[in-house]
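**Q** Below is the structure I would like to discuss, written out as structure tokens.
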């Protein structure tokens, strides 16, 4: 008798928990669906309605079409700004991230496997740099990049610094490399391999999962980045990034909210698709890449 | 044998161990210095330049016109009501991070109950976190829209929530809402791995002792995930203090030159942006930034202490 009662009580709790989780899911999905649904409303209906359109009376791709064909950049130079923004975002991020990972990995290898006098002190300094919260300098760094380096109006402020590697990446990869057996490296040395060869032919392949996780973390950050492109690339129509393009479209399509919605949808889709295919890797990259242990 | 000095004898002839700076050491040194050099050039120097700029006036961004201005920027900022307002708005929006942490913890605990679909829920719960600030701002602006917004449709009203003459605070709450929509995803994932590590035997033992769900939560779960909570609290508050994108995107500079209606979106970093790029007063912008820097550094100290006490390199 007692077991039956306890079983019943648990079941109700399960239902309540499920309901709460479902409600939370609805809360999370509603903003995305709102924008998605509105992107399929045709302009006439959008303009003539005075409240939220729950379901378009006619589903139309006009918003998406206008996004490309009525785009100012498309009309003047033949490329829709959102497409150019996407392409720019790709090369402005993939290149520095790959270079940065190579440099960070090399440093991690040096810290964990090479004999360097004073490397512990230097590592301590490297670690210390992680402790300094530099986010507050995001805006005023503009003065340095503009007036000291002269990089305003170029994508260099977003690309060059990342090519020098990052402390968190070094920290993470160093832990990874320390678990690599010294015997493999010793064997390679006997075969005459130098530091560079050992890094490229042995360590990099072994650490590919770690590199991929770090890449995803960095790429998501770069893809979504708004502050630096806003500071350094505003005003340039050829160097626009995806996020910047979406913001600019809010002005050029001010009376076409369905087009602005379509832009927001398109901007989100690539990351969401990548996420759906690789959630485990994604989550590992974001959480382990961010946490310093 | 440990501590025994190596004797230079023909049998144990190891010249390399006596020479400190081998080729490997030199190359290694260069390799590990590269990131630090990058840090110096791209983080260190800007820090120095901005520090100096606090004490100067200049023509726009022309460094050659820099002149010592007798703390004028400090006087300007510390007697500025907008500055103090921005501190308030910043603290307000930073508290959204704390709410997000509570939500993340609550949801994670619920996900641990063996309920149908937990796995799918977890996967979906992370999606808001990977949306960009631009997308998030756009979604919430659209929900808050006066004419076509979902919120007005649900309430039967036509309020312009982001520019509300009757209650300007709704703008700040709207940004707050956008933050608590997006932020918990990270915490949920972090708490999930922390909760998995808690041995179920602890809970079973507690059940035998007659503990109810709340007791178990307070006395087992909470202490077990304390490191994660501490980490999330720290990173959350830090990022909350530096709120910029959410504010700039949802409360764009108005015709009255305010950060949203009545400056209700004016965070510290946003104010630094307005001073630096709209007023061309980089000196004032640097004062605000360094104020924020010191506050964030202060928040970091207890973490530093805990880290050096608890962990080793």
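**Q** Kindly provide the helix-only [θ] at 222 nm of chain B, computed as the sum of -39,500 (n - 2.57) over DSSP H runs of four or more divided by all residues, to the nearest 500 deg cm²/dmol? Write out the running numbers ahead of the final one.
**A** On the way: 16 runs with 191 residues, N = 313.
Only helices count here, giving -19000 deg cm²/dmol.
**Q** Once you compute Rg and the Kirkwood Rh from C-alpha atoms, what is the Rg to Rh ratio for the range B:136-218?
**A** 1.29
**Q** To the nearest µm²/s, what D does Stokes-Einstein give for the range A:30-112 at 20 °C and 1.002 mPa s, using the Kirkwood radius over alpha carbon pairs as Rh? Intermediate values should be presented prior to the final figure.
**A** Numbers: Rh = 16.4 Å.
Rounded to a whole number, D works out at 131 µm²/s.
**Q** Taking every Cα atom in the range A:156-231, find the radius of gyration and the maximum pairwise distance Dmax, and write them in Å.
**A** 16.0, 52
**Q** Next question, about the same structure. Debye calculation, C-alpha points only, no solvent: report log10 I(q)/I(0) for the range B:13-122 at q = 0.14, 0.17 Å⁻¹, in the same order as the q values.
**A** -0.87, -0.98
**Q** Something else: Assuming 0.36 nm per residue, please report the length gained on full extension of the stretch residue B:76 to residue B:198 beyond their Cα-Cα distance. Display every interim value, and only then the final one.
**A** Details: separation 122, 0.36 × 122 = 43.92 nm, distance 5.31 nm.
Contour length minus Cα-Cα distance gives 38.6 nm.
**Q** Then there's this: Between residue B:208 and residue B:257, what is the label-point separation in nm under the 7 Å Cα-to-beta-carbon projection?
**A** With each label placed 7 Å out from Cα toward Cβ, I get 7.2 nm.
**Q** Shifting gears a bit: Mind pulling the angle between the C-alpha long axis of helix A:257-277 and the longest principal axis of chain A? Nearest 10 degrees, somewhere in 0 to 90.
**A** Between helix and principal axis, roughly 40 degrees.
**Q** Can you give the alpha-carbon Rg of the range B:74-230 over 2.2 N^0.38 Å, where N counts its residues? Could you put the intermediate results ahead of the total?
**A** Working: Rg = 20.3 Å, N = 157, 2.2 N^0.38 = 15.0 Å.
For the range B:74-230, the normalised Cα radius of gyration is 1.35.
**Q** Rule-of-thumb check for the range A:60-206: C-alpha Rg over 2.2 N^0.38 Å?
**A** Values: Rg = 21.7 Å, N = 147, 2.2 N^0.38 = 14.7 Å.
Output field value: 1.48.
**Q** Distance from a point 7 Å along Cα→Cβ of residue B:30 to each backbone N in the range A:197-229: keep the residues under 19 Å and list them by number.
**A** Only A:197-201 fall inside the zone, counting backbone N under 19 Å.
**Q** Relative contact order for the range A:52-138: what is it in percent, counting Cα pairs under 8 Å that are at least 6 residues apart? Walk me through the numbers before you get to the answer.
**A** Numbers: 20 pairs, mean separation 9.3, N = 87.
Once normalised by length, the contact order is 11 percent.
**Q** Something else about it: R0 = 60 Å: FRET efficiency of residue A:30 with residue A:186, Cβ-based, nearest 0.05? Don't skip to the answer; put the middle values down first.
**A** Numbers: r = 58 Å, r/R0 = 0.97.
Result of the calculation: an efficiency of 0.55.
**Q** Let me ask you something else. If every alpha-carbon in chain B counts as one equal scatterer, what log10 I(q)/I(0) does Debye give at q = 0.10 1/Å?
**A** -0.80
**Q** Let me ask something else about it. Bin all alpha-carbon pair distances of chain A at 5 Å intervals from 0 and give each bin's fraction as a whole percent.
**A** Reading the bins upward from 0: 1, 5, 9, 11, 12, 12, 11, 10, 8, 7, 6, 4, 3, 1, 1, 0, 0.
**Q** Hey, rough spin-label estimate for residue A:120 and residue A:49, points 7 angstrom out along Cα→Cβ, what's it come to in nanometres?
**A** 6.7
**Q** Residues of B:284-293, mean number of Cβ from any other protein chain within 10 Å of their own Cβ, rounded to a whole number? The partial results should precede the final answer.
**A** Values: counts 0, 4, 4, 1, 3, 7, 3, 1, 6, 7.
For this peptide, the per-residue mean of nearby foreign Cβ atoms is 4.
**Q** Right, another one. For the range B:161-313, divide the Cα radius of gyration by the Kirkwood radius and give the resulting Rg/Rh value with two decimals. All intermediate terms of the calculation are to be shown ahead of the outcome.
**A** Details: Rg = 21.1 Å, Rh = 18.7 Å.
A ratio of 1.13.
**Q** While we're looking at this one, here's another question. Quick one: if the Förster radius is 25 Å, what FRET efficiency do residue B:95 and residue B:303 give, using the C-beta to C-beta distance and rounding to 0.05? Present the calculation step by step, with values, prior to reporting the outcome.
**A** On the way: r = 19 Å, r/R0 = 0.75.
Result of the calculation: an efficiency of 0.85.
**Q** Another question about this same structure. Looking at the P(r) of the protein assembly as shown, how many percent of alpha-carbon pairs lie beyond 30 Å? It would help to have the intermediate numbers written out before the result.
**A** Working: 109992 of 183315 pairs.
Considering the protein assembly as shown, 60 percent of its Cα-Cα pairs are separated by more than 30 Å.
**Q** Starting from 0.36 nm per residue, how many nanometres of slack lie between residue B:157 and residue B:218 once their C-alpha separation is accounted for? Don't jump to the answer; show the numbers that get you there.
**A** Numbers: separation 61, 0.36 × 61 = 21.96 nm, distance 4.19 nm.
Contour length minus Cα-Cα distance gives 17.8 nm.
**Q** Using alpha-carbon positions, what is the distance between the centroids of the range B:247-307 and the range A:101-174, in Å?
**A** For the range B:247-307 versus the range A:101-174, the Cα centre distance is 24 Å.
**Q** Ratio of alpha-carbon Rg to the 2.2 N^0.38 Å globular estimate for the range A:100-174, to two decimals, please. Don't skip to the end; give the middle numbers.
**A** Working: Rg = 14.8 Å, N = 75, 2.2 N^0.38 = 11.3 Å.
Here the Cα radius of gyration is 1.30 times the empirical estimate.
**Q** Related question: Can you tell me the Rg and the Dmax, both Å, for the Cα atoms in the range A:1-144?
**A** According to the Cα coordinates of the range A:1-144, Rg and Dmax are 27.6, 79 Å.
**Q** Then there is this: What's the angle, to the nearest 10 degrees (0 to 90), between helix A:167-178's Cα axis and the longest principal axis of chain A?
**A** Here the helix axis deviates by roughly 50 degrees.
**Q** Here is a follow-up. So if each residue of separation counts as 0.36 nm, and I subtract the Cα-Cα distance between residue B:23 and residue B:48, what length gain in nm does that give?
**A** 5.5 nm
**Q** Evaluate peptide A:24-36: per residue, the Cβ atoms of other protein chains within 10 Å of its Cβ; return the mean as an integer. Kindly include the intermediate steps, with their values, before the conclusion.
**A** Numbers: counts 9, 6, 0, 4, 11, 3, 4, 14, 6, 2, 9, 7, 1.
Rounded to a whole number, the mean comes out at 6.
**Q** According to the square roots a ≥ b ≥ c of the eigenvalues of the Cα gyration tensor, what is the shape class of the range A:174-293, taking rounded for a/c under 1.5, prolate for a/b larger than b/c otherwise, and oblate for the remainder? Before the final figure, lay out the partial values.
**A** Details: a/c = 3.74, a/b = 2.56, b/c = 1.46.
Cα axes put the range A:174-293 in the prolate bin.
FYI, it's all coordinate maths here, none of it is from the lab. These numbers were taken from a predicted model, which means no experiment stands behind them. Reconstructed Cβ throughout: ideal geometry from the backbone, glycine too, with neighbour counts over all protein chains shown.
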